[in-house]
Amino acid sequence: MAFKIEPKVYNLEGFPGLSARQLAEHYTLYVGYVNKYNEIQELLETVDYSKANQTYSDLRSLKVGENFALNGIKLHEAYFENLGLNQPFAGRIQTTIEATFGDYDTFKAKFSGAGIAARGWVVLSLDLNSGNVAINSLDAHDVGYFVNTFPLLVMDVYEHAYMIDYGIKRADYIQAFFQNIAWDTVNMRLEKALAMLSR
Ligand code: FE
């Protein structure tokens, strides 16, 4: 039986600088990735593996689409879940970011800059090989993800994430994103990642 994913449900209203309409449209895209992922899983049950080919084959198309859809789901869930209200920059993530980047403003400048330079996503992640925290830029859901890293803070910089609210002014959207970070969630992710590191 094919493995299926259920879309998660979020309350995406009340974020200053990120309108309910913007986030509702964005959520609809996320549900689309879930539906396509589930469709791909069904098709993988019956696709002809004997015709696999790297130039073109039905299996190749499904596997490429699977990468895009599954990473799209995971990145969007991480993004929606790290939106929050009135959560102070504190705890272990604060000490980790300050130890890595020097201070919050330097981190913010580097993460924001990566958000201008990337075409898809910026992820602050914990490298499970080295234990270091780093900023990972992705040009698409399935392009550029650092292997064996745990996502701590995820920012969508595709135009669809901000076009309704900001037109092409991505830097303004990034400013608004920084006003709505769920640092409690980021701290929980960091604890989870550090526990994996110590295993
Ligand atoms: Fe998106």
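Every number in this text was worked out from the coordinates using simple rules, so none of it is lab data. Keep in mind it's a predicted model, so treat the numbers as computed, not measured. Here Cβ is always computed from backbone atoms with ideal geometry, including for glycine, and neighbour counts include all displayed protein chains.
If I filter the range 167-199 down to residues being of a type in the set (Gly, Ala, Ser) and free of Cβ contacts under 8 Å to residues at least 24 places away in the same chain, which single residue comes out as surrounded by the most Cβ atoms within 10 Å (Cβ to Cβ)?
Checking each candidate, the answer is 167.
Can you pull out the residues in the range 135-162 that are free of Cβ contacts under 8 Å to residues at least 40 places away in the same chain and surrounded by fewer than 16 Cβ atoms within 10 Å (Cβ to Cβ)?
139, 143, 144, 147, 148, 159
Residue under question is residue 28, and the condition is that it be among the β-branched types (Val, Ile, Thr) and away from the ligand (no atom under 16 Å from the Cβ); does it hold?
When the stated conditions are applied, residue 28 does not pass them.
Take the residues of the range 21-42 that are within 19 Å of the chain's Cα centre (by Cα) and surrounded by fewer than 16 Cβ atoms within 10 Å (Cβ to Cβ): which is nearest to residue 180 (Cα to Cα)?
24
Condition test on residue 111, is it within 20 Å of the chain's Cα centre (by Cα) and outside any helix (DSSP H, G or I)?
No; evaluated as a whole, the condition is false for this residue.
Please go through the range 128-173 and give me each residue that is under 14 Å from the mean Cα position of the chain (by Cα) and among the aliphatic types (A, V, I, L, M), ordered by number.
Listed by number, the residues that qualify are 135, 138, 140, 143, 152, 153, 154, 155, 157, 161.
Listed here are the residues, each with its yes/no results for (1) part of a helix (DSSP H, G or I); (2) within 16 Å of the ligand (Cβ to nearest atom); (3) of a type in the set (S, T, N, Q).
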site: 78; (1), (2), (3): yes, yes, no
site: 88; (1), (2), (3): no, no, no
site: 119; (1), (2), (3): no, yes, no
site: 122; (1), (2), (3): no, yes, no
site: 130; (1), (2), (3): no, no, yes
site: 135; (1), (2), (3): no, no, no
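Collect the residues in the range 43-62 that are assigned to a helix (DSSP H, G or I) and loosely packed, with under 15 Cβ neighbours inside 10 Å, keeping them in residue-number order.
Selection gives 45, 46, 49, 50, 51, 61.
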